[in-house]
Amino acid sequence: MKQLTLALTLCIVAFFAKAQKDKGVLSGNFQGVFNGFVVDSALGVTEKTAPQYGTQKSSSEAFLFANYAQSGYSVSARFDLFNNSNLLNPTGSYSGQGLGFWQFSKEIDKLKITAGYFYEQFGSGLIFRAYEDRLIGIDYAVQGINVRYNFTDNFTVKAFTGRQKGFQDNRFGVANQVVKGVNLEGSRIIGKATFDGGSSLVNRTLDDDAMTSIAAEINTLHIDKRFYPKYNVYAFNGYFTMGIKDFTYSVEVLGKTKEAARNQINGELEHKAGKLMNVNAGYAKAKLGKKHKSGIGINLQYRYIDNYNLTLSPNVTPLEGIVGFVPSLTQQSTYRLLARYTAQAITNGEKAIQADFNFALNKENAVNANFANIQQLDGSPLYQEYYLEYSRKLNKKLKVKAGLQSIFYNQAIYQGKPGHDNVKTITPFVDINVKLNKKTSIRMEAQYMETDQDYGSFANAILELNYSPHYSFAISDMVNTKPHRYADNAAPDKVLHYYSVFGKYSINATAFTLAYIKQVEGVNCSGGVCRLEPAFSGIRFTLTTNF
């Protein structure tokens, strides 16, 4: 009833605002997804795997967002729907609908005030990031008050207080814990150098129920490991970026006071402070050589994490209650097999380096190389990647890309599977794009991942046809060519095909897609956030539009 009253209030405000002489702007978007689940025992997908396969047979999600802006006022609302959905919990089922987001904001000179739900970020987001990633069911909007004041064009202060949403069992509720923070950020140009920097302070306060649960668990620990928990934790950061001609350098340092935090490896409660340091250095130069057709880009990154995990409480489940977002320090690949083993941040403790090199020989030839290495603080290996890619434009109609990836991946830690060996892969790949005419193009993609661990080796091939501006079709097959199985793997020990058929129709700002999908169990990553998803077999229909 409260949500309905709020929705009507927002509609009335928008109506009267629209009726004024100064016309406003109405914009928005819609996204709908329908899944039909098909049992396939050969893939380990049966009636016992999830309720969608056994009794429900289908699921759907829909999101309708609208924003009306006029004369410094802005009113936004989003209706969310989940019917037998496995988006929030890949092995569960959730149904619910209502206002998933609403907001009212007003700009008064240099001041902007927002009430309701809001998305915000301090610095790079390591200390505070309220954001949405619908692809993997994330919505960390905060319900409260958010203010921003621009003292000058180069100096801004932001502050907020509120409670976070984003829980798997109740997407329309907010947490009992209160989060608040303030951020100062500015920039300046001195000669040929640019300087940007800022500092933040974020505080999270536990509620009584959470404290009672934490205290009860502490009392079960050995007497040498017990401690007095605190209601409040404080996180602070300072960040700085400098650019001089073709060089850039940035550093961010964060700290967190002692609190009851859960060890990401063994699951025990510990009373520790946290810290994180992130350093980047880059060089980019275009128009090199006598003919100015070459270019180079180099980026180096180092990160050190020691018990830095800022969440609503130590009892939140994975991907819930994340206040400070720590992304993966690896490159994000769009190729299916190259993205199969991606390392999420181990906030309990890791030290990582990444180096990325891009070199354009000329307009037709380019080389990209990447190296990443991640270890625990004691030196134990977690992840390592070597990546090399060469792309060539043979003519106006033919482009070719080929490369090789090699990965070391600690599956026991990253996927929580004790007893599983470290995964070692070698994956060559090729991507060919042929433009037949002004409207028609064909793209062919192939990868082969050689490994003796996890599910074993895979081959993947995609054939895609694009007919501009309306149609796109694709067919693919991912084959488990050399299967390997552990005792906890439900899939049969034989060669398996994970094939998909995809079609898309687009008209103006609207797109319809229909696909039949067979998907192997694995890690799904989006924007540096990763989660382990079960195998999937079925059909998927989507509708997206903007207005």
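Checking HIS470, HIS420, HIS484, HIS497 one by one, the residue that is within 30 Å of GLN376 (Cβ to Cβ) and free of Cβ contacts under 8 Å to residues at least 40 places away in the same chain is HIS484 and no other. Quick one: count up the residues across the range 409-427 that are surrounded by 15 or more Cβ atoms within 10 Å (Cβ to Cβ) and in a strand (DSSP E or B). Looking only at that region, the number is 5.
Residue pairs whose Cβ atoms lie under 7 Å apart, sitting 6 or more positions apart in sequence or on different chains, and linking a residue in the range 148-168 that is touching a residue at least 40 places away in the same chain (Cβ under 8 Å) to a partner that is outside any loop (DSSP other than H, G, I, E, B) and hydroxyl-bearing (Ser, Thr, Tyr), are ASN150/THR156; GLN168/TYR94. Being more than 23 Å from PHE512 (Cα to Cα), part of a loop (DSSP other than H, G, I, E, B) and aliphatic (A, V, I, L, M), is that true of even one residue in the range 432-447? There is at least one residue in the range 432-447 that is more than 23 Å from PHE512 (Cα to Cα), part of a loop (DSSP other than H, G, I, E, B) and aliphatic (A, V, I, L, M). Once the range 57-82 is narrowed to residues that are crowded, with 17+ Cβ neighbours inside 10 Å and polar (S, T, N, Q), the residue that is farthest from ALA141 (Cα to Cα) is SER59.
Applying the condition of being among the charged types (D, E, K, R) and in contact (Cβ under 8 Å) with a residue 40 or more places away in the chain to the range 360-410 and asking which residue is nearest to PRO428 (Cα to Cα) yields GLU385. Name the residues in the range 61-86 that are hydroxyl-bearing (Ser, Thr, Tyr) and in a strand (DSSP E or B), would you? TYR68, TYR73, SER74, SER76, SER85 - these are the residues of the range 61-86 that are hydroxyl-bearing (Ser, Thr, Tyr) and in a strand (DSSP E or B). Looking only at residues of the range 486-500 that are surrounded by 15 or more Cβ atoms within 10 Å (Cβ to Cβ) and more than 11 Å from ALA42 (Cβ to Cβ), we find that the one that is modelled with the lowest pLDDT is ASN489.
Checking each residue in the range 390-408 for being out of contact with any Leu (no Cβ under 8 Å at 6 or more places or on another chain) and not in a loop (DSSP other than H, G, I, E, B) picks out TYR390, SER391, ARG392, LYS393, LEU398, LYS399, LYS401, ALA402, SER406, ILE407, PHE408.
Does GLN384 meet the test of being in contact with a strand residue (DSSP E or B) (Cβ under 6 Å, 6 or more places away or on another chain), over 30 Å from LYS230 (Cα atoms) and at pLDDT 90 or above? It would help to see each step written out before you state the result.
On the way: in contact with a strand residue (DSSP E or B) (Cβ under 6 Å, 6 or more places away or on another chain): yes; over 30 Å from LYS230 (Cα atoms): yes; at pLDDT 90 or above: yes.
The answer is yes for GLN384.
Candidates are the residues of the range 323-360 that are modelled with pLDDT under 95 and surrounded by fewer than 16 Cβ atoms within 10 Å (Cβ to Cβ); the one that is nearest to GLY125 (Cα to Cα) is GLN332. Looking only at residues in the range 299-322 that are of a type in the set (A, V, I, L, M) and outside any loop (DSSP other than H, G, I, E, B), the one that is surrounded by the most Cβ atoms within 10 Å (Cβ to Cβ) is ILE305.
Tallying residues that are at pLDDT 85 or above and under 12 Å from the mean Cα position of the chain (by Cα) within the range 512-541 yields 0. Exactly one of (1) small (Gly, Ala, Ser); (2) assigned to a loop (DSSP other than H, G, I, E, B); (3) touching a residue at least 24 places away in the same chain (Cβ under 8 Å) is unmet by GLY267. Its number? Result: GLY267 passes all but (3).
Which of the residues belonging to the range 360-404 are of a type in the set (S, T, N, Q) and closer than 30 Å to LEU436 by Cβ? Explain how you work it out, then say what you get.
Let us first name the residues in the range 360-404 that are of a type in the set (S, T, N, Q), namely 362, 365, 368, 370, 373, 375-376, 380, 384, 391, 395.
Of everything in the range 360-404, those that are of a type in the set (S, T, N, Q) and closer than 30 Å to LEU436 by Cβ turn out to be ASN362, ASN365, ASN368, SER391, ASN395.
Residues in the range 243-259: is at least one modelled with pLDDT of 90 or more and in contact with a helix residue (DSSP H, G or I) (Cβ under 8 Å, 6 or more places away or on another chain)? No: the range 243-259 contains no residue that is modelled with pLDDT of 90 or more and in contact with a helix residue (DSSP H, G or I) (Cβ under 8 Å, 6 or more places away or on another chain).
Return yes when VAL179 is among the β-branched types (Val, Ile, Thr), touching a Leu at 6+ places or on another chain (Cβ under 7 Å) and not in a loop (DSSP other than H, G, I, E, B) and no when it is not.
Numbers: among the β-branched types (Val, Ile, Thr): yes; touching a Leu at 6+ places or on another chain (Cβ under 7 Å): no; not in a loop (DSSP other than H, G, I, E, B): yes.
Taking the combined requirement at face value, the residue does not satisfy it.
Within the range 111-132, the set of residues being farther than 18 Å from ASN150 by Cα, touching a residue at least 60 places away in the same chain (Cβ under 8 Å) and in contact with a Phe, Trp or Tyr (Cβ under 6 Å, 6 or more places away or on another chain) comprises GLY125, PHE128, ARG129, TYR131.
Condition first: under 30 Å from ALA491 (Cα atoms), among the hydroxyl-bearing types (Ser, Thr, Tyr) and without any contact (Cβ under 8 Å) to a residue 12 or more places away in the chain. Can you find one or more residues in the range 53-71 that meet it? So far as the range 53-71 goes, yes, one or more of its residues are under 30 Å from ALA491 (Cα atoms), among the hydroxyl-bearing types (Ser, Thr, Tyr) and without any contact (Cβ under 8 Å) to a residue 12 or more places away in the chain. Restricting attention to the range 87-97, which residues are buried (at least 16 other Cβ atoms within 10 Å of the Cβ), among the small types (Gly, Ala, Ser) and part of a loop (DSSP other than H, G, I, E, B)? SER93, the sole residue that qualifies.
The values are calculated or read from the model by the stated rules, or taken from the named source; none is laboratory data. Treat the numbers as computed from the prediction; the structure is a model and nothing was measured. Note that we place each Cβ from the backbone using ideal geometry, even for glycine, and neighbour counts take in every protein chain shown.
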